[in-house]
Structure formats: C-alpha cells, structure tokens
Amino acid sequence: MQRSFIAKNPSVLIFFACLALFTLAVTVLSEGFGVGLASTSFVKTLGKTLCLCLIAVAMDLIWGFTGILSLGHFAFFGLGGYMIGMWLMYERTRLIVVESLSQTEIPPTPSEVVDAIGNQIFGVVGSSEFPMIWAFADSLVLQLALVVLVPGLLALVFGWLAFRSRVTGVYLSILTQAMTLALALYLFQNDSGLRGNNGLSGLQNLPGVTASQDFVSVWFLWASAGALGLGYALAAWAVSGKFGSVVRGIRDNEARVRFLGYSVETYKLVIFVLTACLAAIAGALYYPQAGIINPAEMAPIASVYLAVWVAIGGRGRLYGAVIGAAFVSLLSTWFTGGQAPDIPLGFYTIKWVDWWLVLLGLSFVAVTLFAPKGMGGLIDLWTRRKSPNRHGLDLGPDEGALREQEASK
Amino acid sequence: MNFLKSALTGSVVFAALASAAMAAEDTIKVGVLHSLSGTMAISETTLKDTMLMLIDQQNAKGGLLGKQLEAVVVDPASDWPLFAEKARELLTVHDVDVIFGNWTSVSRKSVLPVIEELNGLLFYPVQYEGEESSKNVFYTGAAPNQQAIPATDYFLEELEVEKFALLGTDYVYPRTTNNILESYLKQKGIADSDIFVNYTPFGHSDWSKIVADVVALGADGKKVGVISTINGDANIGFYKELAAAGVSADDIPVIAFSVGEEELTGLDTSNLVGHLAAWNYFQSAESDMNTEFVETWKATMGEERVTNDPMEAHYIGFNMWVNAATAAGSTEVDTVRAAMYGQEYPNLTGGLAVMLPNHHLAKPVLIGEIQEDGQFDIISQTAEVPGDAWTDFLPESALLKSDWKDLGCGMYNIETKTCVQTLSNY
Amino acid sequence: MKRLYLLGLAALLCCVMAAAQASDIQPILQEHKQIIAKSARKTIAPAIDAIAKSGSPQAQTVLETWAAKAMWMRKSDGVFFAGEKAEDKQYRLFDFDSGEVAGTYPKADLKQIKPNSGIRAMIGTALVQFQLIDPDAARRQAALTSIQRDPEVRFLAPLRASIEGEPDVKLLAQKRRLERLLTISFDKNTEARVNAIEEMSGDLGVDLRATLNPLVATTRDVALGEVPSGLNIADILAPGTEFFSRTDAYDLLVIKSLAQPKVTANDIRNALAANIDGGRVAGIPVARLDNDTARHRAYDILAKAGQAPARVTTDDVDAALASHVFFESYYEPSPDVTTAANASLTAIGLRVGLNQTLDLALDALSLTSIYFLAAIGLAITFGVMGVINMAHGEFIMMGAYTGYVVQRIIPDHTLSIIVAIPLAFVVTFTAGVAMERLVIRWLYARPLETLLATFGISIALQQLAKNIFGTQARPLTAPEWLNGAFTMNDVVSISYIRIAIFILALIFLGVFLFIMKRTRLGLETRAVTQNSRMAASMGINPGRVNMLTFGLGSGIAGVAGVAIGLFAKVTSELGSDYIVQSFMTVVVGGVGNIWGTLAGAAMIGFLQKGIEWLNPSNTLAAQTYMIVFIIIFIQFRPRGIIALKGRAAGD
C-alpha cells in the first residue's frame, strides 16, 4: 500500500502549523513589525533557539534514529558559522575601507584595498595578511556553498575513517568529542587564520543593510523558522521510508543489518554527512544573530549539552528533539538572566545564578533514570500510546540497542 | 504541541522581562555585566561585588540626582555571544543608564556592536591590548603604554635585561601585547633572536619544558627576563614550576601583567619573592583613601579577601560617572559623555586620574615585587601616564589617533587627516 | 632575626666608633641624598661608588642595610638611618655612625629606601671587595654570587688572591670555577685563556656557555672590494643563501649607506600625492592611478624630472651586490681564543643536545605519570566495568579540595598531606559508592545514557564546588621537602614534586595489579565483568562487587586529585581539564587492560613533549596535533594499543 509522505507522517503537518503560528505570533509581537511587546533581544533569543532546534533535529537523526551518539556536532555548527562569518566580516570591512580610502588623494589599487581590509580584520590580533582560507571570502555565493561543503567534507572524511574501521558505541562518542576538541584548539591558535580566541565578531551588522536590528532580528527569525521547517521535513522524510527502516535497524542491531546484505557503513556515512550539513546550516543562521563566533563555541561541552537537550526532549522522535532544545535553552536563559526569583530559606538564600547548573545537572540524572522517553513521553500519555509488555526482555543482544520502551513508538 | 511548549516558556520568559521593565521608575539603573559562572567567574565575580559595594556606598550618600541607584546584575556565564545578548537586554529591556562590565577582550568585542547600535555607555575596567576606540566605551583599565611599555622599560633600564621571553596564554591580549612589545624591543635594539615567544592554552598546567627553555636562554651570557601575559589560574602551575626550578628573581626576573593579589591567593609565594608585576594599583599602596577602601572591602566581603587593579578601575570609573552625571544634571548618555572629558578623581595610589578625550585615563604605573605574604612591595611608581588607544609602536596604528571630544573620531589618521571610521572595527 | 642582626650591628658600630669619627658615612650619604632617594639604576652608580670607596668602616653595613631594604630617610631633614619595625606602625631608627637609637617615628615621617633588584645587584657588586674575605661564609657566598651575575675584570685579582686560605670546600670549588671563567673572559694572556677554555671543555654549566658564547659573537659587515685586514673574520657571506638572502644583503648596504634605499609602494604613492597638479600627476589623470603599472609610469616620469628619487632596479641591486664583499667578524680580536671557544662550544653543544633529550624524556615521563594517575581510576570504572563516568574529573577535583580543606585544618604541610591522601580516598570512595548505588546501577545496560547521567552529575558537582569554595583558585602547598628540583646538571633537572607523582603512579599501578590479580575482590570483579549472570550463579554478589569496584576507581581519582592539586592548581575546573585526556588515555591504550592505560599515557605524554620540542613557541599546537594524531591512530587500531582478544573483548 503506497501512502503519501504526509499521510504517513501527520506530525509534520502539525509541526508546520505550530511553527507558522509561532513565527506569526512573534512577528506580531515584535518591535520591528508588530506591537513591540517582544523586545528585540527576546526575538533574537527565539531566533537562535530555532537554530538550536534545527541542530537538535540533526542530533536526533544521528543518535535517536541511527544510534550513533555523536558528541561533535557542534563542530559542524561552528564551522557553518565561521563560513558565513568570513563573508560578513570581509564585506562589512570592505565597505568601510572603500569609503575611507576614497577620501585619499590617489585612488587605491585593488591590492591596497585588500591589504587595508586585512589590516582592519587582523590588526586586532596582530597580523595584517589574509590567510589562504579567506580566499573566497569576497564572494557570498561561494561562502554560502562552503557553509555546507566544508562541514560536509569534514564529516565525510571523519565518518569514512571511523565507520570503515568499525569504531562504534562509546568509542565513537569519545572520538567525535576528540574531533571537536581538536578543531576548537586549532582555531584557538592565532595561526589558524580565523582570529584565534577573538573569533569573528560584529556579525549581526549585515553589510549594506541599514535597517535596524529590530527588523533584522525578525528576518533571521523567519529564516530560522524556514530552515527548521525544511530540516524537519527532510529529517522526517529520511526516516520514514525504506532508508529510515534500515537506519533504525542499524540502531537496534548493526550486525543483523550487515548480515542482511546492507552496506551499514554507507548508510551511517550518509546520515552523518546529512546531519553535519543540517548542523552547519543551523550554525550559519545562528551566529549572525548571536553576533560573534569564537572557538569556545565548539568546546566539547556544547555538544554534550546538545545530547542532553535531545535526551530531555525525547530521542527517537523528531518533535521531541525540538521540544527539548527549546525548553532547556530558554529555561537556561531565564535562570542565568537573573530573572528567576531568589528563594530565601532563612539560613541561606538560593540564588538561581549559583544553583541553576546544579538543578540542570540533577534533572539530567532524573530524566535518564525516570523518564527515558523524555518530555516526548508526555505526548504518549496524551495520545494514550502504550508500550507492549515483553516482561523486560531486550529486543536485541547489543548493549545500547533499543529497549522495548523505545521500540514502542 | 511543540508550539504550545515554546509559547508557554516564551510567555513565562517574556512576562518576567516585561515585569522587570515596568519596575519602579524613580531609580537610576546601573547594569552590571560580569560573568558569575563559567571560566571567567573566577575574576569577574569580584568586580560584581565591587560594583554592588560602590552602589551601596553611593546610595548611603544620598544616591544620584536625588534618586537611588539600582544595580541590575545579569550573568553572561563566560559565554561570549551571551554577552551581546545580555547587553542588549540591559539596554532595551531594563533601560539601564550605564553598564559596568566585561573582562576578556573577546567579551568586549562581542558587546561593542550592541552598545554602539543602541548608544549605551560601558565602563571597561581591565588592562587590555588597545587598538580600539569606541565612542560608547570608557576604558578605565590600562592601555599597553600604561602597563606593558613601562614594565619593559623597567626591565631594560633598571634590570638591564638583554634577552626577553614573552610567555602568554593564547588569546588576543597576550598576542597583541607581545606584538607591540616585540616591535618596541626591536626599536630599542634588541635582536630578533633575543626574543623568545611562547603561547600556552588557558589553564595550562605542565610548565616544566617551558621553564627549562627559559633557563636555557641564559646560555649566551645575556641577562634573561620573562614578560608574562599568562592568564588566570595557569599562573599557579607556572609559578610553582618556577619555584621548583629554583629560578631566582635576581637571575631571571618575571614581570606579570595579569597576576594580581587575587591570583596570588591561590599559591604559596615564599619561593617567588622578588618577582614582579606591573599594574596601576596594588593593595599595598599607602594612602588614606586606599586604607579606607580596603577596610570597607574586607568588612563587606571577609577578612581574607584582597583588592586588585580592576577593582580600582571600577572605583574610579564609577565615581567619575557619578560626578559627570551630577555635573550634567542628567544620566543621558551623550550629555554624560560630554561631561566625562576632563573629569578628575583621586587614584587610590595617590595623584589624580584624568579622563582623556580618547576615553582612556591618565594613571600612574606601579611596579611591585611579590612578598611572602602574597602582597606586592611597590618599588617603582611613575607620574601619571596618559593612556593611548592606538599604540605608537606598530607602524599601522602609529598613524592613528583617538579624540572624541574635538575631532569626534576614534580612528583618525593623522597622516591623511581623515577619520577612518566612527564605529569601531570589532 | 632582623632585630638580632641590627642589634649586633649596633654593638659592632659602638666598638669602632671612636676610631671612625674621622670618616663618618652620613656626610657621604647626604652628598648623594637625591639620587639615593630617587633610586634609579641609571643614576645611582656615583652614590654606591662613593660609599664603597669611602674607606669608612661603616661602608659595608650601610650597603648591606640598603640592599636589605632596611635603610630609611627621615623626611624632616633627609638623614639616613638603619630602621626596624617597632610597635604600632612605628619605626625605630639607628644612626649609622654611632649605632645608637635615634628615636622612634611613625611611618608617615619616614621614607623607606627601596632599591630594586637592579640596584641591589650593583650594591652586591660593590660589596664584593668587603665580602670576598669576610669571615662569614654566607657573605663570601653572596660575593661569589655577585661576581657570577656580573663578572668584571677587576674581580680577577682579588678572587685569585682569596682562593688561598678558603676554608670552606664548597666555596673553594666555586671560587676555582669562577676564577677559570674570569680567566677565559678577562685574562690578558691569550695562552692562559685558551688553556682555561680547553681545561673546561665539555662542562655543561650554563655559566660556561654564558662565558664562551660572547667570545664567538659576530657582527655582519660589508666592504667594497676586499675583506679588510686586521679583523678576526668568522665567515665570508655569499648573498642568496638561506641565512643571508639577497634582500638581507641589499638592506645591509642601505644601512651602511652604500646603496640607495629601495622605493616602496608607499613611497611611490606619497610622491604621487605630493605632485598632484590640476588633477593630474605627470600628465596622467589621478583617477587612472588605481593600479601599479600606471603608478610606476607616472613615478618614473617624476623621477626623470628629478622630483623623486629613481626606482632601484634589479640591475642596480645586482651591481651593488657584486661590487661588495659581505662578511661576519668576531668582536673578540684573538683568533686563537675564538677557535678554542668554537671547538669547546661544539663539544659542549653535542653533550647539551644529549642532555636536553634526556631532560625532555624526563618531562615526558612526568607527564605520562600525571596522565596515568588521572586516568587510572577511569581505567577501572570505564576499562574494567565499562561505565562511562563523565564525573571522573570531578572526583579528581573533590580529592584536591579535600587536600585544601585538610591543609586549612592542619597547617603542617607534611602531616596534612599524610592525612589528606587517605581522607581523599575515603571521601571520593564514598561519593563513588553513593553514585553507583543511586544512579549507575540502573543504567548498566545503557552505556550511552550513563554518559549523560554522569555528565549531569559532573556539572552539578562542579557548580557545587563553586558555591562552596568560591571561584578563586585555592592554595594547596607541597611540604617543604618536596620543594625544589633534582638537578643532575644545568640542563637536566626535574622537580621533586614530579618525582613524587611518578612514584605515586607506580604505587597505584602496583596496588591495581595486586587487587585485580591477587585478591578476592579482583577475582570477583573480573568474573562479574566477564559474565555477570554466570558470576552471580557462582555465589558472587554482582551488585556488591560493582559497588566496591566503582568506589575503588573513584577513590584512586581522589588521591590523584591531591597529587595534581599539589603541582598545578585547585579550582572547580580542575577536573574538566583532565577528563577528555583521561578518556583518550584509556581508549588509546586499550580498554580493560591497565598496561594499555600505561601505554596510552606514555604515548600521549611522549608525543606531546615531542611535538612541543618541534614547535617550542606554541604549546597549544602541540595539544592540537596530539589529538589529531590520536584520532587517526584509533582509525587504525580501534581497540587501542593493547587490545583484548577473544571473549574478554566482549564484542
């Protein structure tokens, strides 16, 4: 029986509707296009949250559906940000330089313009020459292509090497963590040519755009919502058909799938590269809203947080990842913003700035122990979906393979 | 469902923001933007406490312009993009009139575009690498010529150092400072081969090889000196290794730009006596105002707490801002800024700090020797040195000048007599 | 101590007072009042000289008091005194000449003279003449140190004279060595110098190299036609080599004013800008000067008209380089000395290189032991039990903080460490057991989720530590007997604390092997990890075994924390610095085998030091490339260096 993609995945339509409604509501409330109830900084927070939701979808695809716990996806996220950041920085500086050089008596030569741009960008970190990796920074189209190509290529090479030698499970997790750490350390060096610890900054100022941030923030919200919607649909499509079945088979028992004649490595590699590209696109939209990207963004801890979002939201279901990312990151903003009221206990006052991380940490533990389905489990309660009772038996022999609670969906 | 979740959380957050914005209008709000968690909390929490203490003191004196001051403290959690977000929140949601904050250069670069876009006012209290001048930022910490250059002069003239090891943590402040120093040393006739540079990661702890390298520099008979821009707690391992290797301050002196009283509380200084630090302030400075400041600080925070240079910078910055606002009769950013130029306020170390048109202070430079009790013995104090935004020792920035008062430009090219740009290049 | 010294000083002064009236020191001090109070090395020399040469019996005491920062000036009249701290911020002053108490003053009325270390060194040099034959061995030592720091020709004779009759064996050896070094530098007799060089050849001391290297220092120069005679030539340079490029050669000519400076792009632009005439430069419209060809054309026209210096062409450069000879010459005029010094330095260089390698190996070994110590607990929890414990680093941190707290309570450093090590074990053992019982035992079947849960515990513990101990680093000080370093020679040395960590790592290796191979617990642990159900049916309680094993791993992490805190720092982030490294150590080495962990730690340690040696100016790069190497390594040996085979591999 052939059913259409939409019919098989009603959640996609619901998700689209929710996303559209949300975007519309924020637009109406925004300072730029609406009544001004939602401050620009809050709109930016929401826009960034949408990008985080997108990378969470990618994470769910690789972890929840394929069973590879990658602790390095923020490396791709960051790379995507760097690629777009290079163009933003180059172009903005070029406009300033051309304007300033036009006041001199002799018109500048092209090489003088490039030198001056280099001087402005790298003067801060004590250098003035353009490194090789900036070769395409003057072209928006090429840099946009690089947003996907560079992280995709890295994922391809890394994934090919790792899957080929059958590195699996926690080893792969630690290896991906090492990858993101190595990349972060590399970019921390000034010699890497991306301004070291300072990173690329001022990215929120789009070159040639004079509109205020009140508008720009909403544009990016739209773009982020669009990307999230497309990414969600793509992910849903990828896991719905035969491809999705094989991928889930790999999660539940890799050896059996291999014996059935599927090229497990190829499937894994495709998913790995696809999620890397999704993460990179999310990053390319995130950092112009954040305004600055630096290597600390790629520290291994960021990717661990990503896994935590997905776990809290409920892995193995795409909307779970979105809920988890949105919920935890917004809650985090609220607590660290100093807006959560202190709790006086008489002998001690609980300040949330100090205690929020303790609460967050303990809630990970609680979720892992008591609610392995995460917040998505709440939806099961609502839809009255129940797991079949198999008296605690595994579905497969492999440790870490799907347990029956997860298989139920 | 997802929407419901987002919307619910969203509205909770939003309600909180809105209610904060609608809080009482009869106070003047002062934003405090220092990390209270994450890696930089180690240094920045102290500054938050300093600000709260200063604001309390001012309120006890009757506030400002007949209103009470209210501190709005946010936590950017050592997360650089979050600094920009929190700064925007402070300026648009909380409507603060001034922000005191930041420690690292990267956090300042993150905040700059926001402050400039929304015309805010930031007081930045930490020694930094210069090469920047923003209309909306007052730099109350030292520029390179107020710390690094005098310290190097001290090495060259007083200690006759002929060979330099520039050790730093790998980030922008040490990188730029070392660049400036390299260029300066070459102008002073020090050969390229007599300058050894090394960069280590944040929190580095394995120093044995680097210390051995430095000791080996002495092999060609020249006096070796170490200029350290090592940041934060990496210093602890470095000094422990230095002490273990028996490097005496008389043989290989080390002068540090990022080691103050606060950092020394983390180690036993008995083996480090005689090594140096250059700052604009030491707790051991002898003046009545300083005695009072230290006593108030200890009374508020506890007897074992110490004071340090960025605290003095906030002390001067805050009091100048109060005086400027009083003089202008308003806390509106542009009027306050106009009133800031030429503001004078006594340094805790004696003498007057003056706010210059380039948004830097004129402050004396002090050099102190580490003592057994973890304090510094001040052995050299210069007259007030005017801070220079664009260093004279790098060819590109030697041509630049900052003057917001008369020229209205932070990046003025004195050769072509044009303003390169009015916004900063972040 | 200071008080006693000053009293003794006073007594001494009293005895000699009568004879000393004629040559009082105070007038000399007064004569140089300004420069002494100003205290700058550039200007201070006359004052020190005057005191040293005054012939006054107080000269030595004045200089010593001054160097000890114990000289004070009374602000009212500018008279100098020796001072000591009295009660309530008052200072008691002693007159230099009479030695009597001149009164007690509040600090505000006085100015402390604080010589910086540059001036102190000069005072030390001035004191040499008094101290070299002083009956007090400590002062003779001070004199030798001063000479060593600042060798001068005038010390050679007195030093030689003082060698005879030196009773102290150690000082005698030092004096002999110093005499040889001074001979090399300053003796008038070339033969004596060459002999001294040859005598000391092969010595590894930095001081010898510091003496020899200035002898072979060269300067680059250039001459027209032929090399001038009378110079001690080191080398004739041919332009165009790696060390002396053609640009270098031409720049040298320009510096010596033997050639025209090259015209830079900037010069051209400035010259053009200066010659704009009605929107045109040399007839070319300004708007068209936006490329180098047009600019050069316009500039050449200007140059022809004499309005700017002509551009230097390649031919000009060729001609200039061809007509000159470039050479390096020694500052030292005697060729015999430079030859001997060079030969000696070559010999030393080889030995220094060997010793540096040894030193590097020691460093690497030390790093290995640190990584091993940090990872050994993990080797148990992860390697043996298969539990991913992201909070392992926080157990290390807990151990370090335990050490700090113990040191607060027991101030004696030795005793506190002896108490802290078992206590750290107990604390982290308890924490580990609690964590295993409460969290981990529910997750044995889900290793990836253990990772998340323990990560949650990790951030909670880290923040708790911040809330309790604050964000500042806390001091954890090693006992006195671990201070300093074991020094083989001036090149090879390693600090005692690192040796202690190395020994601790060895002990733990032994303990681990003993427990695993020789005890009931070890047997049961191995049984449970290989097949939990089978073990249970043999009467082993897997829950209890898991609990104890996990506790053991955590406890060892705690002890490692004390050791790491001693050599580095104690902060709440201490653990997170080591966690990724520790995991990589275990994974690279091969999970489930302690020798593998050791091999992993050794590989990472030696590799890191090796890369640091290749690129000494960037330690960060060393770490980066090390991790990249590990990633690639794991691709080829996914099971680590020592891989378990067969059933134990549990694949």
Next item on the list: Considering each of B:GLU344, B:GLU369, B:GLU384, B:GLU396 in turn, give the residue that is free of Cβ contacts under 8 Å to residues at least 40 places away in the same chain, over 17 Å from B:ASN145 (Cβ atoms) and either touching a helix residue (DSSP H, G or I) at 6+ places or on another chain (Cβ under 8 Å) or among the charged types (D, E, K, R) (or both).
Entry: B:GLU344
Next item on the list: Could you list, in sequence order, all residues of region A:203-244 that are in a loop (DSSP other than H, G, I, E, B) and more than 14 Å from chain B (Cβ to nearest Cβ)?
Entry: A:GLY208, A:GLY241
Next item on the list: Any chance you could count how many residues in region C:533-553 are assigned to a helix (DSSP H, G or I) and without any contact (Cβ under 8 Å) to a residue 24 or more places away in the chain?
Entry: 7
Margin query: Given (1) over 20 Å from B:LEU47 (Cβ atoms); (2) modelled with pLDDT under 90, identify the lone condition not met by B:THR326.
Written below: (2)
Check: Hey, does region A:113-132 have a residue that's of a type in the set (Phe, Trp, Tyr), more than 14 Å from chain B (Cβ to nearest Cβ) and not in a helix (DSSP H, G or I)?
Finding: yes
Notebook entry, point to check: Considering only residues of region B:235-256 that are facing chain C (nearest Cβ under 8 Å) and outside any loop (DSSP other than H, G, I, E, B), which is surrounded by the fewest Cβ atoms within 10 Å (Cβ to Cβ)?
Noted result: B:GLY237
Next item on the list: Return the pairs, sorted by first residue and then second, in which the second residue is buried (at least 22 other Cβ atoms within 10 Å of the Cβ) and of a type in the set (S, T, N, Q), the first residue lies in region C:106-130 and is within 10 Å of chain B (Cβ to nearest Cβ) and in contact (Cβ under 8 Å) with a residue 12 or more places away in the chain, the beta carbons are less than 6 Å apart, and the residues are 6+ apart or on different chains.
Entry: C:GLY124/C:SER146
Next item on the list: Inspect region C:201-221 for any residue being more than 29 Å from the chain's Cα centre (by Cα), in a helix (DSSP H, G or I) and either at pLDDT 90 or above or outside the structural domain of C:TYR250 (by TED's automatic domain parsing) (or both) and give the result as yes or no.
Entry: no
Notebook entry, point to check: Restricting to region C:261-292, what's the tally of residues that are within 12 Å of chain A (Cβ to nearest Cβ), closer than 22 Å to C:VAL317 by Cβ and in a loop (DSSP other than H, G, I, E, B)?
Noted result: 0
Next item on the list: Working only within region C:568-588, note down all residues that are without any contact (Cβ under 8 Å) to a residue 60 or more places away in the chain and either surrounded by fewer than 24 Cβ atoms within 10 Å (Cβ to Cβ) or over 22 Å from B:ILE236 (Cα atoms) (or both).
Entry: C:VAL580, C:MET584, C:VAL587, C:VAL588
Item checked: Matching option when the condition is buried (at least 18 other Cβ atoms within 10 Å of the Cβ), within 30 Å of C:LEU566 (Cβ to Cβ), in contact with a helix residue (DSSP H, G or I) (Cβ under 6 Å, 6 or more places away or on another chain) and without any contact (Cβ under 8 Å) to a residue 60 or more places away in the chain, among B:LEU267, B:LEU272 -> B:LEU267
Item checked: Selection count where residues are of a type outside the set (Ser, Thr, Tyr) and either surrounded by 14 or more Cβ atoms within 10 Å (Cβ to Cβ) or outside the structural domain of C:ILE28 (by TED's automatic domain parsing) (or both), scope region C:87-100 -> 8
Note to self: Residue under question is C:ALA420, and the condition is that it be more than 14 Å from chain A (Cβ to nearest Cβ), over 25 Å from A:LEU357 (Cβ atoms) and crowded, with 23+ Cβ neighbours inside 10 Å; does it hold?
What the structure shows: yes
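Inspect all residues belonging to region C:62-70 and state whether any of them is in contact with a helix residue (DSSP H, G or I) (Cβ under 9 Å, 6 or more places away or on another chain) and surrounded by fewer than 18 Cβ atoms within 10 Å (Cβ to Cβ).
The answer is yes; a qualifying residue exists.
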Item checked: Within region A:188-202, considering residues that are under 25 Å from A:VAL304 (Cβ atoms) and either modelled with pLDDT of 90 or more or touching a Phe, Trp or Tyr at 6+ places or on another chain (Cβ under 7 Å) (or both), the one nearest to the other protein chains (Cβ to nearest Cβ) -> A:ASN197
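Please verify whether C:ASP336 is in a helix (DSSP H, G or I), among the acidic types (Asp, Glu) and closer than 30 Å to A:VAL113 by Cα, treating the condition exactly as stated.
So C:ASP336 fails the test.
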Next item on the list: Can you tell me which residue among B:ILE210, B:ILE227 is in contact (Cβ under 8 Å) with a residue 24 or more places away in the chain and in contact with a Phe, Trp or Tyr (Cβ under 7 Å, 6 or more places away or on another chain)?
Entry: B:ILE227
Checklist line | Where C:SER493 falls short, out of the listed (1) of a type outside the set (Asp, Glu); (2) under 18 Å from C:ILE370 (Cα atoms); (3) without any contact (Cβ under 8 Å) to a residue 60 or more places away in the chain | finding: (3)
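Do we find a residue being among the basic types (Lys, Arg), assigned by TED's automatic domain parsing to the domain that holds B:GLY38 and free of Cβ contacts under 8 Å to residues at least 40 places away in the same chain anywhere in region B:97-110?
So far as region B:97-110 goes, yes, one or more of its residues are among the basic types (Lys, Arg), assigned by TED's automatic domain parsing to the domain that holds B:GLY38 and free of Cβ contacts under 8 Å to residues at least 40 places away in the same chain.
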Note to self: Considering only residues that are touching a residue at least 40 places away in the same chain (Cβ under 8 Å) and outside any loop (DSSP other than H, G, I, E, B), which ones fall in region C:308-333?
What the structure shows: C:ASP316, C:VAL317, C:ALA320, C:LEU321, C:SER323, C:HIS324, C:VAL325, C:PHE326, C:PHE327, C:GLU328, C:SER329, C:TYR330
Check: Checking C:ARG474 against (1) touching a strand residue (DSSP E or B) at 6+ places or on another chain (Cβ under 8 Å); (2) surrounded by fewer than 20 Cβ atoms within 10 Å (Cβ to Cβ), which test does it fail?
Finding: (2)
Notebook entry, point to check: Under the condition of being within 18 Å of the chain's Cα centre (by Cα) and at the interface with chain A (Cβ under 9 Å from one of its Cβ atoms), which residue from region C:598-632 is nearest to B:HIS204 (Cα to Cα)?
Noted result: C:LEU620
Next item on the list: Please work out if A:PHE22 is facing chain B (nearest Cβ under 8 Å) and closer than 18 Å to A:VAL310 by Cα.
Entry: no
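This table checks each residue for (1) within 15 Å of C:PHE130 (Cα to Cα); (2) free of Cβ contacts under 8 Å to residues at least 60 places away in the same chain; (3) within 14 Å of chain B (Cβ to nearest Cβ).
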position: C:LYS38; (1), (2), (3): no, yes, yes
position: C:LYS53; (1), (2), (3): yes, yes, no
position: C:ALA59; (1), (2), (3): yes, no, no
position: C:VAL79; (1), (2), (3): no, yes, no
position: C:ALA82; (1), (2), (3): no, no, no
Note to self: If the requirement is being surrounded by 24 or more Cβ atoms within 10 Å (Cβ to Cβ), modelled with pLDDT under 90 and more than 24 Å from A:LEU221 (Cβ to Cβ), which of these qualifies: A:GLY244, A:GLY320, A:GLY314?
What the structure shows: A:GLY314
Check: Which one of C:THR450, C:THR471, C:THR477 is within 14 Å of chain A (Cβ to nearest Cβ), in contact with a helix residue (DSSP H, G or I) (Cβ under 9 Å, 6 or more places away or on another chain) and not in a helix (DSSP H, G or I)?
Finding: C:THR471
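The values are calculated or read from the model by the stated rules, or taken from the named source; none is laboratory data. Everything quoted here is computed from the prediction, not taken from an experiment. Neighbour counts run over all protein chains shown; Cβ positions are idealised from the backbone, glycine included.
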